[in-house]
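The values are calculated or read from the model by the stated rules, or taken from the named source; none is laboratory data. Only a predicted model underlies this, so the values are computations on that prediction, with no experimental measurement involved. Methodologically, a virtual Cβ is constructed for each residue, glycine included, from the backbone with ideal geometry; neighbour enumeration extends over all protein chains shown.
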Amino acid sequence: MTMMEKEGFNTTKSQEIIQKLQNEGKTISLVVIEKELVGIVALSDTPKPSAKPMVEKLLRKNIEVIMLTGDNQQTASIIAKELGIRETLANLMSSDKVDAIEKLQKNGKIVAMVGDGINDAPALTKSDVGMAIGSGTDVTLEAGNIVLIRDDLTDVVSAIDISSKTLGKIKQNLVYAFVYNAALIPVAGLGLLYPALAGLVMAARSVSVVSSSLLLKRWKPQS
């Protein structure tokens, strides 16, 4: 539509049909032969079955969800309402998605981008964490920091949970190591700790840290 208007094609006669199709949530492509509008192609995007559960889980975690799309605003709003997404940015080219992410980052947001198309690759690269869906294009997979093997968007939530749990475990292990060192280094400095006992304590510290890390194997993301 926008491109046609820029090129000077008159679409006034077809506005009623176009508006009706857009109200149904369809994306419109116009067919022109020798500067004459001869057809209208209506394409309907069907959200993945896992899209709505993913959005619901992210919102429960107080994670802001924004949809970036090349579709027109009307179509985007219908799909967003169906999925429970409160904010949409529509009519975006590939470079526009990068600009949108950059704007969010300048406002102090940490941005994770999920995409599977070629036009998503620059935005995946620009985001703080790019999540590429495994069924996407090779370019997208190369651009992503995380590749979701399954074609299941709820894995986005699982990836966030795993990352959060791993970071928490790293911090916990650092505390263990700090407590051991803070408690025993002064004692050793005063000559009150035998070398053999000091070695045993350091080994115990390593065992504690490793055992704590291995507990992650028993943890599973919430379904």
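Going through (1) without any contact (Cβ under 8 Å) to a residue 60 or more places away in the chain; (2) charged (D, E, K, R); (3) out of contact with any strand residue (DSSP E or B) (no Cβ under 8 Å at 6 or more places or on another chain) one by one, Asp152 falls short only on (1). Taking the stretch 31-47 as the range and being touching a Ser or Thr at 6+ places or on another chain (Cβ under 9 Å) and farther than 16 Å from Ile17 by Cα as the test, only Asp45 passes. Residues in the stretch 114-128: is at least one closer than 30 Å to Ser212 by Cα and in contact (Cβ under 8 Å) with a residue 12 or more places away in the chain? Yes, the conditions are met somewhere in the stretch 114-128. Ile118 passes every criterion in (1) within 23 Å of Gly144 (Cα to Cα); (2) crowded, with 16+ Cβ neighbours inside 10 Å apart from (2).
Scanning the stretch 42-57 for residues that are surrounded by fewer than 15 Cβ atoms within 10 Å (Cβ to Cβ) and either within 14 Å of Glu24 (Cβ to Cβ) or touching a residue at least 60 places away in the same chain (Cβ under 8 Å) (or both) yields a total of 4.
Of all the residues in the stretch 194-214, those that are closer than 24 Å to Asp155 by Cβ and free of Cβ contacts under 8 Å to residues at least 12 places away in the same chain number 1. Within the stretch 70-113, the set of residues being touching a strand residue (DSSP E or B) at 6+ places or on another chain (Cβ under 7 Å) and of a type in the set (Val, Ile, Thr) comprises Thr75, Ile85, Thr88, Ile101.
Within the stretch 84-95, take every residue that is surrounded by 15 or more Cβ atoms within 10 Å (Cβ to Cβ) and without any contact (Cβ under 8 Å) to a residue 24 or more places away in the chain and give me the one that is nearest to Lys52 (Cα to Cα). My answer is Thr88.
Against the list (1) outside the structural domain of Leu89 (by TED's automatic domain parsing); (2) within 18 Å of Lys52 (Cβ to Cβ), the condition Ser163 fails is (2). In the stretch 1-46, the qualifying residues are those that are within 36 Å of the chain's Cα centre (by Cα) and farther than 23 Å from Ser77 by Cα, and the one that is modelled with the highest pLDDT is Val31.
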